[in-house]
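Reviewing the structure listed below.
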Amino acid sequence: MILALLAGGAGVFALAAISPANPLAHTVAGWEFASAQARADLVTAYDTGGWFGAWWQWMVTAVTTGDLGYSRILHEPVAEVVAGRGLNTVAATATAVVLTGVIVAVVCILLARFPGLAHNPVTSGVIGAWLAVPSFLIALLIVVGFGSQLPNPATSAPITLIPAVSFTIALAWSAMLIAAARSAAAEVWSTPWARALIGRGLPSSARVRTILPSVLSAVRSPAVIYLPVVILGEAAVEAVLSYPGLGNALVEAAAGADLPLLATVTALAAALTTGLVLLVRSLGQVREARLVGAGTAATFGISTVGVSL
Amino acid sequence: MKIRPTAVIVLGCLLVLLICGRFLPGQDTDFARALTPPGDGGILGTDHFGRSVAVTVWNAAGGSALAALFTAVVTTVIGAGIGVVSTLSSALSKVSTGLLIATLVVPSMLFTFIVVGLLGGGRTAIMVTVALTHWPLAAQLIGPKLREEWNSGWVCFDRRLGAKRAQILRWHVLPAAAGRVSAAMAVIFPSAVVHEATTAFLGIGVDPSAVSLGPLIAWGQSEMNLGAWWTLLVPTVALMILLLPPTVLARRLGERPRSL
């Protein structure tokens, strides 16, 4: 029923969009350029003064013309903000992903190489302390500690700020992943099968080859699940470091109640999160089936999907 | 990992001590003593209004701790309630799962920025959004335990003997989930503090004059240029004191929920 309703609604919009008169666009899409009197007449005629009317008008405008609205805080169309700043955010995130990958890979190898490391209370305490530090505080510490060496955001190209932003994001993100890796390593090293590896005197390279896949599989799902959080949730990092990314634009938009930009970023975040959760679930099922087939999942008792809905 | 009772008692005392700061009387401004360093200007120096940084930060930390504690309790109760409802009815379980998925679609910090930015409301609005975005976490932690107990052998036996649902919940299910409830609260508390501090630090929907750790850190950052390092250091350390113990506790509870 819901699908039929959505299909019917889409059909009406499609008809309106292909109509030579293009009634929706002519009625609403010219809002940004209409005179004050014309706006007042439209509000009276269509009763669009409330929040629902404003939201509906924005949605219809976007659907019929491809326009995402105009950001009154940043003084440019939202589509341009998303295209320009989104690229900066993607560049910083990609660098952060590489940095995080390197940090987490090194720690995972250490956890797979040294059995005592995962069970050490000091390791757990350090990871707990690391997790407790909010990302904006890490960014602030970088600004305070290395402020004079950081490029001036007002005069420098965004690319020069990427190392500081991506390093901060990587530090915040890798804490979660290392915590997951440590839990998985502790669980694996507790199994009699894994202890037998040590008892039989296998070389350390063999231990790493055997244990590392299980530790990495525990990291994979949270890594993908937290990706949208990293991309858009680390807006505070961009704001503190004055990086011209989408997150910084989001903070400015939230502080100034800039509805078109907020709505667009929210829609992007929702689409990204939903897509990644679906990806993790489908990959997890594939991986689970392969592990069960090999008989190793039962041995380790580890779920490959860290977050279940 | 075992949780020592003394650690829990110390943590409780620390929390009570912090919350007491919320009820300290207001301080008068004294611009003649503005930005006096520690020693001459009291134990932790003074801020740009000439007020004691120690008292201001204690007051702010107390407010944050009280609000976060209240939010953690309310959110856990909501999550546990939804867990109970899901346990009792498969149809309601489907509804709650749908709600859970809907809540997880937008990152919680982003959701907080949007709601507080558009609606304002300061700390109360931040805590409401934390409750709205974190109840799935409590439901995920508590719900499976409730279901496990509900389907256990002795509960089935009690049901056959004619025990009512409410009695089973009171006698078996809720006591068994107490450990998970503690874990949920220990996870939500620091998250609420971080959401409040970050949102207030960025100045989204928060009254700039409100006493909160976020604005204090933001002011401290700008006053670092004047050499007043203590105005940044003290609120930052206070924030870490507020976050570190519950985060470590949450990790330990998460590793061994049955140790409680």
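The values are calculated or read from the model by the stated rules, or taken from the named source; none is laboratory data. Source: prediction; values computed, not measured. Using ideal geometry, Cβ is built from the backbone for each residue, glycine included, and neighbour counts are taken over all protein chains shown.
With under 22 Å from A:Leu246 (Cα atoms) and in a helix (DSSP H, G or I) as the only criterion, which of B:Met109, B:Met127 stands out?
B:Met109
Annotation: A:Leu74 fulfils all but one of (1) surrounded by fewer than 21 Cβ atoms within 10 Å (Cβ to Cβ); (2) part of a helix (DSSP H, G or I); (3) within 23 Å of the chain's Cα centre (by Cα); the unmet one is (2). Take B:Val116 and tell me if it is within 14 Å of another protein chain (Cβ to nearest Cβ), assigned to a helix (DSSP H, G or I) and modelled with pLDDT of 80 or more. Taking the combined requirement at face value, the residue satisfies it. So in segment A:227-240, with the set limited to residues that are of a type outside the set (A, V, I, L, M, F, W, C) and at the interface with chain B (Cβ under 9 Å from one of its Cβ atoms), which one is nearest to A:Gly147 (Cα to Cα)? Among them, the one singled out is A:Glu234. For segment B:153-173, name all the residues that are under 30 Å from B:Val8 (Cα atoms) and either in contact (Cβ under 8 Å) with a residue 60 or more places away in the chain or not in a helix (DSSP H, G or I) (or both). Correct list: B:Leu169, B:Val173. Would you say B:Ile142 is free of Cβ contacts under 8 Å to residues at least 24 places away in the same chain, away from every other protein chain (no Cβ under 13 Å) and of a type in the set (Val, Ile, Thr)? Judged against the criteria, B:Ile142 is not a match.
Of the residues making up segment B:201-253, those that are modelled with pLDDT under 85, farther than 25 Å from A:Glu234 by Cα and part of a helix (DSSP H, G or I) are B:Asn225, B:Leu226, B:Arg252, B:Leu253. A:Pro222 meets the conditions (1) within 14 Å of chain B (Cβ to nearest Cβ); (2) touching a residue at least 60 places away in the same chain (Cβ under 8 Å); (3) in a loop (DSSP other than H, G, I, E, B) in every case but one. The failed one is (3). Of all residues in segment A:179-190, those that are assigned by TED's automatic domain parsing to the domain that holds A:Tyr226 have Cβ atoms under 8 Å from Cβ atoms of residues that are acidic (Asp, Glu), 6 or more apart or on another chain, in A:Ser183/B:Glu255; A:Ala186/B:Glu255. Tallying residues that are within 30 Å of B:Arg180 (Cβ to Cβ), crowded, with 17+ Cβ neighbours inside 10 Å, among the small types (Gly, Ala, Ser) and out of contact with any Lys or Arg (no Cβ under 9 Å at 6 or more places or on another chain) within segment B:32-81 yields 3.
Applying the set (1) modelled with pLDDT of 80 or more; (2) among the β-branched types (Val, Ile, Thr); (3) surrounded by 19 or more Cβ atoms within 10 Å (Cβ to Cβ) to B:Val128 leaves exactly one unmet item: (3).
Filtered by the rule that a residue be free of Cβ contacts under 8 Å to residues at least 12 places away in the same chain and either of a type in the set (Lys, Arg) or part of a helix (DSSP H, G or I) (or both), segment B:32-86 gives B:Val77, B:Gly81, B:Val85. Any residue in segment B:185-195 that is within 30 Å of B:Pro37 (Cβ to Cβ), under 23 Å from the mean Cα position of the chain (by Cα), touching a residue at least 12 places away in the same chain (Cβ under 8 Å) and part of a helix (DSSP H, G or I)? Looking for residues that are within 30 Å of B:Pro37 (Cβ to Cβ), under 23 Å from the mean Cα position of the chain (by Cα), touching a residue at least 12 places away in the same chain (Cβ under 8 Å) and part of a helix (DSSP H, G or I), one finds at least one in segment B:185-195, hence yes. Tallying residues that are over 16 Å from B:Ala139 (Cα atoms), in contact with a helix residue (DSSP H, G or I) (Cβ under 7 Å, 6 or more places away or on another chain) and either surrounded by fewer than 19 Cβ atoms within 10 Å (Cβ to Cβ) or of a type in the set (A, V, I, L, M) (or both) within segment B:170-190 yields 1. I'd like the residue in segment A:116-132 that is more than 7 Å from chain B (Cβ to nearest Cβ) and either aliphatic (A, V, I, L, M) or more than 23 Å from A:Val208 (Cα to Cα) (or both) and, out of all such residues, is surrounded by the fewest Cβ atoms within 10 Å (Cβ to Cβ). In this case the residue turns out to be A:Val122.
Checking each residue in segment B:216-256 for being without any contact (Cβ under 8 Å) to a residue 40 or more places away in the chain, facing chain A (nearest Cβ under 8 Å) and within 24 Å of the chain's Cα centre (by Cα) picks out B:Ile217, B:Leu232, B:Thr236, B:Met240, B:Leu244, B:Val248, B:Arg251. Among all residues of segment A:143-157, there is none that is buried (at least 21 other Cβ atoms within 10 Å of the Cβ), assigned by TED's automatic domain parsing to the domain that holds A:Val219 and not in a loop (DSSP other than H, G, I, E, B).
Apart from one condition, B:Leu88 fits all of (1) more than 14 Å from chain A (Cβ to nearest Cβ); (2) at pLDDT 80 or above; the exception is (2).
A:Ser242: out of contact with any Asp or Glu (no Cβ under 6 Å at 6 or more places or on another chain) and more than 30 Å from A:Ser156 (Cα to Cα), yes or no?
For A:Ser242, the condition - out of contact with any Asp or Glu (no Cβ under 6 Å at 6 or more places or on another chain) and more than 30 Å from A:Ser156 (Cα to Cα) - is not met.
Whether any residue in segment A:197-215 is more than 14 Å from chain B (Cβ to nearest Cβ), touching a Phe, Trp or Tyr at 6+ places or on another chain (Cβ under 6 Å), aliphatic (A, V, I, L, M) and on the phi < 0 side of the Ramachandran plot is what I want to check. No; the residues of segment A:197-215 include none that is more than 14 Å from chain B (Cβ to nearest Cβ), touching a Phe, Trp or Tyr at 6+ places or on another chain (Cβ under 6 Å), aliphatic (A, V, I, L, M) and on the phi < 0 side of the Ramachandran plot.
Here is the figure for segment A:241-261: residues that are crowded, with 24+ Cβ neighbours inside 10 Å and at the interface with another protein chain (Cβ under 8 Å from one of its Cβ atoms) total 3.
Confirm whether B:Val181 is assigned to a helix (DSSP H, G or I), among the β-branched types (Val, Ile, Thr), at pLDDT 80 or above and more than 21 Å from B:Ser93 (Cβ to Cβ). Against the criterion (assigned to a helix (DSSP H, G or I), among the β-branched types (Val, Ile, Thr), at pLDDT 80 or above and more than 21 Å from B:Ser93 (Cβ to Cβ)), B:Val181 does not qualify.
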